[in-house]
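Enquirer: Sharing a structure with you now.
Here, each number is a calculation from the coordinates, and none is a lab measurement. Nothing here was measured: the structure is a model prediction, and the numbers come from that model. All Cβ positions, even for glycine, are placed from backbone atoms using ideal geometry, and neighbour counts span all protein chains on display.
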Amino acid sequence: MNEQNKKLERIKKSSNVAMILARIAKIVCIVGAAICIVWGVGLIAFHDKVNAELQRAEAEGSVDLNELIMELNVGGFTMSYSDSDRFSETLGVYMLLACVVMTIFAVLLHFTGRVFKKIKKSDSPFQKSILKDMIVVFALITLLALQSSILIGVMVGFSLWCIYSVFDYGCELQQLSDETL
């Protein structure tokens with residue numbers, strides 16, 4: 001087995017591992033999204049009961065809603081809360097937003113898994129079909145990076161565009177090599 005075949009086999013093995021990990025993470029995101037949507041809809045649907053129970057618990061001193069709100073203001077979400085009658089609905093909306101984010105991650109992981117599956121099954125990682133899926137993955141990664149900061153999003157976008165350009169050139173070289181043979 002020559003050096004090129006050994007390298008291709010290593011690429012295929014690592015792509016197989018990455019594909020499996022992407023599938024597992026996608027399933028976790030789908031389950032998380034389902035849990036978030038159920039809780040979000042439940043908090044909104046049963047807002048009267050939940051808000052009444054929270055007000056009762058706060059009156060007894062077993063729950064401090066201000067402290068609870070401070071703990072929930074993490075991960076980019078900022079809960080502005082001034083009316084204790086609307087706590088359940090606000091939290092329900094945040095759960096639905098978390099569902100959307102997890103769904104975006106599931107889609108990202110789906111396309112990432114497809115890229116690695118195609119690499120695993122091909123004789124070269126430089127295929128146009130792989131490049132098409134990479135565009136989707138890179139666009140979603142850039143959008144998620146833009147969510148945290150415009151500067152970071154732009155830097156990530158340009159970096160991924162450079163990687164895309166290298167793979168695009170590799171596809172052209174692969175096509176020339178295939179035509180020569």
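Enquirer: Please determine, in degrees from 0 to 90 and to the nearest 10, the orientation of helix 87-121 with respect to the longest principal axis defined by the Cα atoms of the chain, where the helix direction is its Cα long axis.
Expert: Around 10 degrees separate the two axes.
Enquirer: What value, in deg cm²/dmol to 500, does the helix sum -39500 (n - 2.57) over DSSP H runs of n ≥ 4 give at 222 nm once divided by the residues of the chain? Before the final figure, lay out the partial values.
Expert: Numbers: 6 runs with 152 residues, N = 181.
Calculated mean residue ellipticity at 222 nm is -30000 deg cm²/dmol.
Enquirer: Now a separate question. What is the ratio of the Cα radius of gyration of the chain to 2.2 N^0.38 Å, with N the residue count, to two decimals? Numbers along the way, then the final one.
Expert: Values: Rg = 23.3 Å, N = 181, 2.2 N^0.38 = 15.9 Å.
Compactness ratio reported: 1.47.
Enquirer: Please work through the chain and write down the cysteines that have no neighbouring cysteine Cβ at a distance under 4.7 Å.
Expert: Isolated Cys, the chain: CYS29, CYS162, CYS171.
Enquirer: Let me ask another. Quick check on my link table: of LYS6/LYS132; LYS7/LYS128; LYS26/LYS117, which ones sit more than 24 Å apart, alpha carbon to alpha carbon?
Expert: Working: LYS6/LYS132 26 Å; LYS7/LYS128 20 Å; LYS26/LYS117 14 Å.
As for pairs spanning more than 24 Å Cα to Cα, those are LYS6/LYS132.
Enquirer: Place +1 on the Cβ of every Lys and Arg and -1 on the Cβ of every Asp and Glu in region 88-157, take the dipole about the Cα centre, and give the residue among ALA98, ILE119, VAL136 whose Cα lies farthest towards its positive end.
Expert: It is ILE119, whose Cα lies furthest towards the positive end.
Enquirer: Against the longest alpha carbon principal axis of the chain, how many degrees, from 0 to 90 and to the nearest 10, is the axis of helix 47-60 turned?
Expert: On a 0 to 90 degree scale, this one is about 60.
Enquirer: How much length is gained on full extension from LEU144 to ILE35, taking 0.36 nm per residue of separation minus their Cα-Cα distance?
Expert: Working: separation 109, 0.36 × 109 = 39.24 nm, distance 2.15 nm.
Contour length minus Cα-Cα distance gives 37.1 nm.
Enquirer: Something else about it: Through the Karplus equation 6.51 cos²θ - 1.76 cosθ + 1.60, θ set to phi - 60°, convert the phi angles of region 31-42 into ³J(HN,Hα) values in whole Hz; use x for Gly and Pro.
Expert: Taking θ as phi minus 60°, the curve returns 5, x, 5, 5, 5, 4, 5, 5, 5, x, 5, x Hz for region 31-42.
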